[in-house]
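Presented below is the structure to which this report refers.
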Amino acid sequence: MSLIISVSGIRGTIGGVKGENLSTEDIVKFSLAFGKLLLQKNPKPTVVLGRDARISGEMVSKLVEASLQSLGVGIIDAGLSTTPSIEMAVLHLKAAGGIILTASHNPREWNALKLLNHRGEFISAEEGLQILELSNLEGLVYADIDNLGQKTSYNSSIEDHIRAILAIPYLPIEKIQSKKYHIVADCINSTGSLALPRLFDSLGCTYELINSNPDGNFRHNPEPLEGHLSELMQATKNKADLGIAVDPDVDRLALVDHEGQYFGEEYSLICCADFMLDVKPGNTVSNLSSSRALADLTLQKGGKHYSSAVGEVHVVNKMKEVNAVIGGEGNGGIILPDLHFGRDSLIGIALVLANMATKNKTLSQLKSGYPLYYMHKDKINIDPTLNFEDLLKNLSAAYSDVQINLADGLKIDFKDSWLHLRKSNTEPIIRIYSEAKSEQEARILVEDIKIKIEQFN
């Protein structure tokens, strides 16, 4: 598997032949490059370092730590934590940057370095290019013995994160607590098992955890899609008020209603926005692969919806540009600017419970009032010889009679449906998303474009 470098981090598999994975050399090289970038801005920078529960996490952490310390960069070691908790820690501790070691939804053999700036946000594309340039390590000067980076521990990143959530003034904490919701949560054998119980306790919820041992041996595919959550759906059915699934680094949220039906990662953001637009009317942002339901809901509540390219950094930039009150991605990533500019399952859970408690409705009752769309998601492996840009040109010509958007791959907008084809930032695949008024129509859109791809390949 080749190394993947994008706005989502430095990502690859552990083990195998050098040059075909996330090797020790790569981890050290890119850690040093990140350190060099920080030193250009700050003579004594510190970095908050955290990780999910992946088996390779401790090993990778030691390599990153030693590399940065060798340059004179200080380490604030948060240990096992969540991506949003580390993002917030960078702000709280006024660090120069942060690194969370996680491959997010990818399987257990993957790991990655997610790089954060001093605002606790993903580094920009420009900074990413700088890191690529710096990774040649030319002119690298290591710190002398008296100026090695110092290491301190920070063991309360999750607790501080939850305290900040509870302090949001418009969250009806007491009302949520009075409901005494019972929740089943799939922690996918990672740091959700550390964060979710603390959040549930704070909100007065009882709970049952599945896949709760944070050993990195994911019991199923860690991407929180319906096909991977049968255990959660069965455990929730008629036994709990809702089911919750997160990914290994806890920045994506999927929900299951009390009847054991998949509420969906797409509608996680819709449910959160439903509450937010009531207490704080305004604009919303989601990426090009997200459901139209958010745009429809925002319009209904008097706001305006904007789209961005796929990727957290792009969503955040657009949210700042239009002063959005909430935004995110259709993969279950909820971003609340009042807390921080990062995808955050924990604030997502709080907003969902706030919406349920305020309206005194179940998840299924809430969903019945939302614009209803059906989404179909598929992917195809990339042929190494495939010229992606040529493919997009050919496909654009094949759909020349409808609205085309080439800002991020190919987005095709029909009257009551859409289709989005893009190269993944996190895996060597092409992702294909569609949405329509019926499940069958959404599926047909994907199958049609897959046939066209085969013709042009």
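In segment 188-209, how many are buried (at least 16 other Cβ atoms within 10 Å of the Cβ), more than 27 Å from residue 378 (Cβ to Cβ) and not small (Gly, Ala, Ser)?
The qualifying residues number 10.
Return the pair list, or none, for Cβ contacts closer than 6 Å from residues in segment 411-428 that are closer than 15 Å to residue 377 by Cβ and touching a residue at least 40 places away in the same chain (Cβ under 8 Å) to residues that are among the acidic types (Asp, Glu) and surrounded by 15 or more Cβ atoms within 10 Å (Cβ to Cβ), at least 6 apart or on different chains.
418/435; 422/408
Considering only residues that are surrounded by 21 or more Cβ atoms within 10 Å (Cβ to Cβ) and among the hydrophobic types (A, V, I, L, M, F, W, C), look in segment 426-444 and name the one that is farthest from residue 414 (Cα to Cα).
430
Could you pull out every one of the helices (runs of 4 or more DSSP H) wholly within segment 112-187 that has 3 or more residues that are farther than 19 Å from residue 341 by Cα and in contact (Cβ under 8 Å) with a residue 24 or more places away in the chain?
Filter on segment 112-187 gives 125-134, 173-179.
Check 188, 165 and return the single one that is under 25 Å from residue 224 (Cα atoms) and in the same structural domain as residue 280 (by TED's automatic domain parsing).
Step by step, each of 188, 165 is checked, and only 188 is under 25 Å from residue 224 (Cα atoms) and in the same structural domain as residue 280 (by TED's automatic domain parsing).
Could you list, in sequence order, the residues of segment 334-363 that are of a type in the set (Val, Ile, Thr) and more than 13 Å from residue 253 (Cβ to Cβ)?
Across segment 334-363, the qualifying residues are 358, 362.
Looking at (1) among the small types (Gly, Ala, Ser); (2) under 21 Å from residue 100 (Cα atoms); (3) free of Cβ contacts under 8 Å to residues at least 60 places away in the same chain, which is the one condition that is false for residue 245?
(3) is the only condition that residue 245 fails.
For the condition at pLDDT 95 or above, at positive phi and among the charged types (D, E, K, R), what is the one hit in 151, 175, 180?
Only one candidate passes the filter, namely 180.
Looking only at segment 380-413, count every residue that is touching a Phe, Trp or Tyr at 6+ places or on another chain (Cβ under 9 Å), polar (S, T, N, Q) and loosely packed, with under 14 Cβ neighbours inside 10 Å and tell me the total.
So the count comes out to 1.
Among the listed residues 277, 255, 294, 336, which satisfies the condition of being outside the structural domain of residue 424 (by TED's automatic domain parsing), in contact (Cβ under 8 Å) with a residue 60 or more places away in the chain, touching a Gly at 6+ places or on another chain (Cβ under 9 Å) and more than 16 Å from residue 165 (Cα to Cα)? Explain how you work it out, then say what you get.
Values: 277 fails: in contact (Cβ under 8 Å) with a residue 60 or more places away in the chain; 294 fails: in contact (Cβ under 8 Å) with a residue 60 or more places away in the chain; 336 fails: more than 16 Å from residue 165 (Cα to Cα).
Just one listed residue meets the conditions, 255.
Go through segment 208-311 and tell me which helices (runs of 4 or more DSSP H), entirely inside it, have 2 or more residues that are over 30 Å from residue 404 (Cβ atoms).
230-236, 265-279
If residue 288 passes every condition in (1) surrounded by 18 or more Cβ atoms within 10 Å (Cβ to Cβ); (2) under 26 Å from residue 199 (Cα atoms) but one, which one does it miss?
Checking residue 288 against (1) surrounded by 18 or more Cβ atoms within 10 Å (Cβ to Cβ); (2) under 26 Å from residue 199 (Cα atoms), the one that fails is (2).
Filter segment 1-57 for residues that are of a type in the set (Asp, Glu) and under 20 Å from residue 249 (Cβ atoms); which is surrounded by the fewest Cβ atoms within 10 Å (Cβ to Cβ)?
26
State yes or no: is residue 361 assigned to a loop (DSSP other than H, G, I, E, B), surrounded by 13 or more Cβ atoms within 10 Å (Cβ to Cβ) and not hydrophobic (A, V, I, L, M, F, W, C)?
In short, yes.
Within the bounds of segment 342-352, is there any residue that is among the charged types (D, E, K, R) and assigned by TED's automatic domain parsing to the domain that holds residue 310?
Taking every residue of segment 342-352 in turn, at least one turns out to be among the charged types (D, E, K, R) and assigned by TED's automatic domain parsing to the domain that holds residue 310.
The values are calculated or read from the model by the stated rules, or taken from the named source; none is laboratory data. What you are looking at is a predicted structure, and each value in this text was computed from that prediction instead of being measured. Positions of Cβ are generated from backbone atoms using ideal geometry, with glycine treated the same way; all protein chains shown enter the neighbour counts.
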